[in-house]
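S.K.: Let me give you the structure first, and then I'll get to my questions.
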Amino acid sequence: MYKLISFFLITVSVYAEITPIPLTVEYNKVKAELGKKLFFDPILSKDKTISCASCHTLPGSGANSTQFSFGINASEGNLNTPTVLNSVFNFTQFWDGRVKTLHQQALFPLTNPIEMADSVENILNKLSNSPYKKEFKKIYKDGVTQNNLIESIVEFEKALITPNSKFDKYLRGDSTAITAQEKRGYEIFKEAGCISCHNGVNVGGNMFQKVGLMVPYKSGSKGRYNLTLRERDKFVYKVPSLRNIELTAPYLHDGTVQTLRDAIIFMREYQLDIIETDSEVDDIEAFLKTLTGEMPEILKDIK
């Protein structure tokens, strides 16, 4: 079985590629600026105590430093907060991939009882009785509506790309953009098969995979099984993006791994049945740190 899986991973890795983040993406800047205000405003939560930015630190990791996501009244989930940075490039949203688009995703945290715990009706009522009413009217003829609320947040999220990492510059032809050690780390990353799951523009975020492919691993959440009830979907999750990975500790869907180094060791053992040498871990970690890009332009005015 090991040889078969290893052959598959190495074969796939031959064809898998990492592609640079585009330097710009199209989005409506006026709507995005409104969405930015809403993203940072706790008015969207039931008791006005937390905002989207409470769990998605910006500028910064786009996630947070706690093991699990949290909500009003000190409620706590059982999954680590995924980064919102570059989420526009993911093929589906949430760890279990329950929705495809950012438009579908944006409503969930607002109404989730262990997150912002509000109702759409109440949120729209609060916004309609606040200075936001005029702001919506300037942009949308029909003013404050569910669709306009979600669209403005999504336009902001679309702008949250982090281009121009050292590795992107290397991919675009600058052979001096990364060091010899970082190049070694990239070669090891490819040869071992890591790239079979972590590829594309987001270096992940474009497929599902079981956690514990080679060595069994179980956690409180059962991943896509909760949606499909299919046995084969137990502990299957969306492969996370490795973009800006040095910023997004703790790691894994359950936030149980504290350091990037330990995450590398864990993934190589549980996914590939490879026990690392220290030098290989050092080289891969060095490579992964080249995936840290520039903070989004839309956040330049936020300290």
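S.K.: Please state the Cα pair-distance histogram of the stretch 120-188 with 5 angstrom bins from zero: what percent is in each bin?
M.R.: Bins of 5 Å from zero give 3, 14, 16, 13, 7, 5, 6, 6, 8, 10, 10, 1 percent of pairs.
S.K.: Rounded, prolate or oblate: which fits the stretch 62-171, taking a ≥ b ≥ c as square roots of the Cα gyration tensor eigenvalues, rounded meaning a/c under 1.5, else prolate when a/b beats b/c?
M.R.: On the way: a/c = 2.21, a/b = 1.30, b/c = 1.70.
Note, shape of the stretch 62-171 comes out oblate.
S.K.: Still on this structure: Taking H as built 1.01 Å from N, whose amide H comes closer than 5 Å to the amide H of Ile18, not counting residues under 5 places away?
M.R.: Gly200
S.K.: Tell me the relative contact order for the chain as a rounded percent, counting alpha carbon contacts under 8 Å between residues six or more apart. Don't skip to the answer; put the middle values down first.
M.R.: Working: 572 pairs, mean separation 76.6, N = 303.
This gives 25 percent for the chain.
S.K.: Continuing with this model, one more query. Mean separation of Cα pairs under 8 Å and 6+ residues apart, divided by the residue count of the stretch 187-303: what relative contact order is that in percent? Present the calculation step by step, with values, prior to reporting the outcome.
M.R.: Details: 155 pairs, mean separation 29.5, N = 117.
Computed value for the stretch 187-303: 25 percent relative contact order.
S.K.: Next question. Report, in degrees rounded to the nearest 10, the 0 to 90 angle that the Cα long axis of helix 278-289 makes with the longest principal axis of the chain.
M.R.: Once rounded, one gets 30 degrees.
S.K.: Of all the accessible heavy-atom surface of the chain, with the other protein chains kept in place and a 1.4 Å probe, what percent is carbon and sulfur? Can you show the working numbers first?
M.R.: Numbers: 7930 of 14530 Å².
The value for the chain is 55 percent carbon and sulfur by accessible area.
S.K.: Can you give the helix-only mean residue ellipticity at 222 nm for the chain, where every DSSP H stretch with n ≥ 4 adds -39500 (n - 2.57) and the sum goes over all residues, rounded to the nearest 500 deg cm²/dmol? Mind showing how you got there, number by number?
M.R.: Values: 13 runs with 115 residues, N = 303.
Here the helix-only value at 222 nm equals -10500 deg cm²/dmol.
S.K.: Hey, what angle do you get for helix 260-272 against the long axis of the chain, alpha-carbon based, 0 to 90 degrees rounded to 10?
M.R.: 60
S.K.: In the stretch 207-240, what chymotrypsin sites (Phe, Trp or Tyr not before Pro) fall in a loop by DSSP, with at most 16 other Cβ atoms inside 10 Å?
M.R.: Numbers: sites: Phe208, Tyr217, Tyr225, Phe235, Tyr237; in loops: Tyr217, Phe235.
Listed in order of number, the matching sites amount to none.
S.K.: Rounding to the nearest 10 and keeping the result within 0 to 90°, find how far the Cα-based axis of helix 180-191 lies from the longest principal axis of the chain.
M.R.: Computed tilt is about 90 degrees.
S.K.: Measuring from centroid to centroid over Cα atoms, what is the spacing of the stretch 151-171 and the stretch 43-86 in Å?
M.R.: 20
S.K.: So what are the three principal axis dimensions of the stretch 74-114 from its Cα atoms, in whole Å, longest to shortest?
M.R.: For the stretch 74-114, the Cα extents along the three principal axes come out at 31, 18, 17 Å.
S.K.: Also, quick follow-up: Return the loop-located trypsin sites (Lys or Arg not before Pro) in the stretch 95-188 (DSSP other than H, G, I, E, B) with at most 14 other Cβ atoms within 10 Å of their own Cβ; answer none if there are none. Mind dumping the intermediate values first?
M.R.: Values: sites: Arg98, Lys100, Lys126, Lys133, Lys134, Lys137, Lys138, Lys141, Lys158, Lys166, Lys169, Arg172, Lys183, Arg184; in loops: Arg98, Lys100, Lys141, Arg172.
Answer in residue order: Lys100, Lys141, Arg172.
S.K.: What residues of the stretch 72-113 lie in the reach of a label at Thr49, counting those whose backbone N is under 12 Å from a point 7 Å from the Cα along Cα→Cβ?
M.R.: 72-76
S.K.: Filter the trypsin sites (Lys or Arg not before Pro) in the stretch 15-53 to those in DSSP coil with at most 16 other Cβ atoms within 10 Å of their Cβ, and list the result.
M.R.: Details: sites: Lys29, Lys31, Lys36, Lys37, Lys46, Lys48; in loops: Lys46, Lys48.
Those that pass, being in a loop and sparsely packed, are Lys48.
S.K.: Step through the table entries Lys100/Lys210; Lys141/Lys303; Lys100/Lys234; Lys222/Lys300; Lys37/Lys100; Lys138/Lys300, compare each Cα-Cα distance with 28 Å, and write down the pairs that go over it.
M.R.: Working: Lys100/Lys210 19 Å; Lys141/Lys303 33 Å; Lys100/Lys234 20 Å; Lys222/Lys300 39 Å; Lys37/Lys100 25 Å; Lys138/Lys300 24 Å.
Exceeds cut-off: Lys141/Lys303; Lys222/Lys300.
S.K.: Still on this structure, please answer the following. Along the Cα→Cβ direction, 7 angstrom out, place labels at Asn122 and Lys218. What is the inter-label distance in nm?
M.R.: It is 3.7 nm.
S.K.: How many Å² of accessible area per residue for the chain, probe 1.4 Å?
M.R.: Numbers: 14530 Å² over 303 residues.
Heavy-atom accessible area per residue stands at 48 Å².
The values are calculated or read from the model by the stated rules, or taken from the named source; none is laboratory data. All figures in this text were calculated on a predicted structure; none of them were measured in a lab. No Cβ is skipped: glycine too gets one built from the backbone with ideal geometry, and neighbour counts run over all protein chains shown. Each accessible area value is taken on the protein alone, full model and side chains, heavy atoms only, with ligands, DNA and RNA left out. Shrake-Rupley method; radii C 1.70, N 1.55, O 1.52, S 1.80 Å.
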